[in-house]
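Have a look at the structure that comes next, please.
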Amino acid sequence: MVIYSNGNFESIDVGYDYSKRNDEIGMVHQQFDKMADQIRTLINDNYVKQLLLKEAQFKQLEQQINPHFLYNTLETINWYSEAAGEHKIAQLVRALGSTLRSTLERSDIVTIKSELELVNNYMTIQKIRYENRLEYYIDADETLLNCRIPKITIQPIVENAIKYGLEENMDTCYIYIYVKQCGNDICITVKNTGSEFEENIIDKIKEQHVVPQGFGIGLRNIHDRLQLAYGQNYGLTVSNEDNMAVVRIKLPKIESELKEEEHVQTYNN
């Protein structure tokens, strides 16, 4: 007990086996050894957990550093591309850098203007890739651009529109994005040609009647995230209208505390 009281919890060989003694001294010794073993286990477990925690924190730091390094590298490539007269490469790098910078923002809530800028940068990259096979149009009510929206809400839906509306057929894909006020709420609509939704697809994914392929999980997660943030009256609805797949996002109108200086109402591409 004196040895343990000094903080040394290593196993001690006393030169005598008390495990076969059933008297009071034997029982006390057995229980004390059991307690000491438990203390050693707790200390070792806590030490290992602390090491794992430090490693996780280090990995997290690495993940924070690497995107910034990539962003700075893209800026360098952009500079050299402009200097060499490779304007399309420079445009591509700028759009990718801006997209990366948006993902590095710590806030989970951004303005609709910021979200649309992310979409526009993403579409710039896709336009260079697909050229005339992709056309898109954004029409946003200027008075709503400063309202709040969960980060990366619209872009995955646009990505889905490209995947199913363009990559699976050779026709030109048209994507339309509208941001309008509906009553006291905000409705964001994304329409695309070239694909249609299966009926009740979100419910079927939730009930596991349909196995999501890639984006399906993201579609459900966006819906669940909006409902967790704002309640059951908000989220996604999907439909097919005029041979187009349609996704509608409904969220409350919440003004951001930070005012945006610039407003962009439409993009025509």
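Give me the helices (runs of 4 or more DSSP H) completely within segment 71-176, filtered to those with at least 2 residues that are at pLDDT below 80 and among the β-branched types (Val, Ile, Thr), ordered by residue number.
Answer list for segment 71-176: 87-103.
In segment 237-256, which residues are in a strand (DSSP E or B) and modelled with pLDDT under 90?
Selection gives 237, 238, 239, 240, 241, 244, 245, 255.
Here's something else I'd like to know. I need every pair where a residue in segment 74-98 that is touching a residue at least 40 places away in the same chain (Cβ under 8 Å) has its Cβ under 8 Å from the Cβ of a residue that is surrounded by fewer than 17 Cβ atoms within 10 Å (Cβ to Cβ) and assigned to a helix (DSSP H, G or I), sequence separation at least 6 or different chains.
Cβ pairs passing all conditions: 88/128.
Conditions (1) open to solvent by 90 Å² or more (accessible area, probe 1.4 Å); (2) touching a Ser or Thr at 6+ places or on another chain (Cβ under 7 Å); (3) modelled with pLDDT under 85; (4) in a loop (DSSP other than H, G, I, E, B), marked per residue:
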residue	(1), (2), (3), (4)
7	no, no, yes, yes
14	no, no, yes, yes
18	no, no, yes, yes
27	no, no, no, no
33	no, no, yes, no
38	yes, no, yes, no
41	no, no, yes, no
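The values are calculated or read from the model by the stated rules, or taken from the named source; none is laboratory data. From a predicted model like this one, the values you see are computed outputs, not experimental measurements. Reconstructed Cβ throughout: ideal geometry from the backbone, glycine too, with neighbour counts over all protein chains shown. These area figures cover heavy atoms from the full protein model, side chains too; ligands, DNA and RNA do not enter into them. Shrake-Rupley method; radii C 1.70, N 1.55, O 1.52, S 1.80 Å.
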